[in-house]
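I have placed the structure first, in the form of structure tokens, so that the comments after it can refer back to it.
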Amino acid sequence: MPLPDHRPLRLTLGPLEREILEILWHFQEATAREVHEFLLRDPDRELSHSSVTTVLSRLLQKGWVGCDETGRVFRWRVLVSQSEAAVLEANSRLREFLAVGTPELMATLTDDLDTASREQLEAIARSIETARRARQKEDPCT
């Protein structure tokens, strides 16, 4: 799956931000009250409605959710699907790893891989080669 067109401004999420985002992924859109009520299904949970609204506002600022106002009601909706979020997280971790890893270090990691992991690496290598060929067609000088 390619990187999504819409990318949040900040990928990092706190535990409550992630939990609320997962609720929105489940419902696709919801009011702060609906999210709050869903969280309070756990009888041991203590969380104010204003805390939920604050977290939703932070998710809006980070670019994870959008908000539509209908009258006096705000409906919050996801801007990034769960699968897109997984791709963004994997891409971010890979970039962090590549920033500190040398080709030699990466090559040594393959020594301890099981068969399934090696098949994944082979699929990744094929994808890299496909992307390399596509770029060369666009700009044959590179």
Practice prompt. Report the relative contact order of the stretch 1-73, percent, no decimals, based on alpha-carbon pairs under 8 angstrom and at least 6 residues apart.
Written response: 40 percent
Discussion item. What are the extents of the Cα atoms of the stretch 82-138 along their three principal axes, in Å, largest first?
Written reply: 36, 29, 25
Worksheet item: How big is D for the stretch 1-118, in µm² s⁻¹ as a whole number, if Stokes-Einstein is applied with the Kirkwood radius of its Cα pairs at 10 °C and 1.306 mPa s?
Response: 96 µm²/s
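Taking the highest mean first, how do the peptides 62-73, 45-56, 28-39 order by number of other beta carbon atoms within 10 angstrom per residue? Could the numbers behind the result be given before it?
Details: 62-73: 12.8, 45-56: 15.0, 28-39: 16.8.
Highest-to-lowest ranking by the protection proxy: 28-39, 45-56, 62-73.
A short reminder: the numbers here are calculations on the coordinates, not readings from a lab. Remember, it's a predicted structure, so these values are computed and weren't measured experimentally. Backbone-built Cβ (ideal geometry, glycine too); neighbour counts: all protein chains shown.
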